[in-house]
Amino acid sequence: MAVEINESNFEAEVLQADIPVLVDFWASWCGPCRSIAPILDQLSEEYRGKAKICKVNVDMNQSLARQYQVMSIPNLVFFKNGKKVDQVVGFTAKTELAKKLDALL
């Protein structure tokens, strides 16, 4: 299951993580966000211990959304060593997300 992240724990969970992190910027009213959620949960299980999958609700964490220039959702941002290294906007196939995660390992 993807970890819920907010403004108070983003730095500890994402920027200070010792493994790559995929952050899903989403909202409950977003259809594509709901469609990609099960894929992210599967990836969370498959990459357990190798990469972390996190979710940030943009409605409740607007400053994080602004900081990472999230204009459309779902917006998947990949972090490694505390730095943003990749980004995908919109529904994306599991195989494509897995390729991006594998490239960061």
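Hey, got a sec? Which chymotrypsin sites (Phe, Trp or Tyr not before Pro) in region 6-64 land in a DSSP loop and have at most 14 other Cβ atoms within 10 Å?
Of the chymotrypsin sites (Phe, Trp or Tyr not before Pro), the ones in loops of region 6-64 whose Cβ has at most 14 other Cβ atoms within 10 Å are TRP29.
Please list, in order along region 74-88, the HN-Hα scalar couplings obtained from phi with the Karplus expression 6.51 cos²θ - 1.76 cosθ + 1.60 (θ = phi - 60°), rounded to whole Hz, x for Gly and Pro.
Those phi angles translate into x, 10, 9, 10, 9, 10, 9, 6, x, 10, 5, 10, 7, 7, 9 Hz.
Can you give the local net charge around LYS94? Use residues other than it whose beta-carbon is closer than 15 angstrom to its beta-carbon, Lys and Arg +1, Asp and Glu -1. Don't jump to the answer; show the numbers that get you there.
Numbers: positive: LYS99, LYS100; negative: ASP24, ASP41, GLU45, GLU46, GLU96, ASP102.
Net local charge, LYS94 excluded: -4.
Please give the charge dipole size of region 3-92, origin at the Cα centre, charges +1 on K and R Cβ atoms and -1 on D and E Cβ atoms. Round to the nearest 20 debye. Before the final figure, lay out the partial values.
Details: 9 positive and 11 negative charges, 46 e Å.
The dipole magnitude comes to about 220 debye.
Just for the chain, what percent of DSSP beta bridges are antiparallel, to the closest 5?
Working: 11 of 20 bridges.
Here the share of antiparallel DSSP bridges comes out near 55 percent.
For a protection proxy built on the mean count of beta-carbon atoms within 10 angstrom, sort 50-58, 77-85 highest first, please. Write out the running numbers ahead of the final one.
Numbers: 50-58: 20.9, 77-85: 15.4.
Answer by packing, highest mean first, reads 50-58, 77-85.
Summing Lys, Arg as +1 and Asp, Glu as -1, what charge do residues with Cβ under 11 Å from the Cβ of ALA65 carry, ALA65 excluded?
Numbers: positive: ARG66; negative: GLU7, ASP59.
Here the charged neighbours net out to -1.
Which values, in whole Å and largest first, are the semi-axes of the equivalent ellipsoid of the chain obtained as the square root of 5 times each eigenvalue of the Cα gyration tensor?
Working: eigenvalues 65, 54, 29 Å².
Rounded to whole Å, the semi-axes are 18, 16, 12.
Could you work out the local net charge near LYS55, counting Lys and Arg as +1, Asp and Glu as -1, over the other residues with Cβ closer than 13 Å to its Cβ? Numbers along the way, then the final one.
Values: positive: ARG34, LYS52; negative: GLU4, GLU13, ASP24, ASP41, ASP59.
Result for the neighbourhood of LYS55: -3.
Read the figures in this text as sums done on the coordinates, not as results from a lab. These figures come from a predicted structure and were not determined experimentally. Using ideal geometry, Cβ is built from the backbone for each residue, glycine included, and neighbour counts are taken over all protein chains shown.
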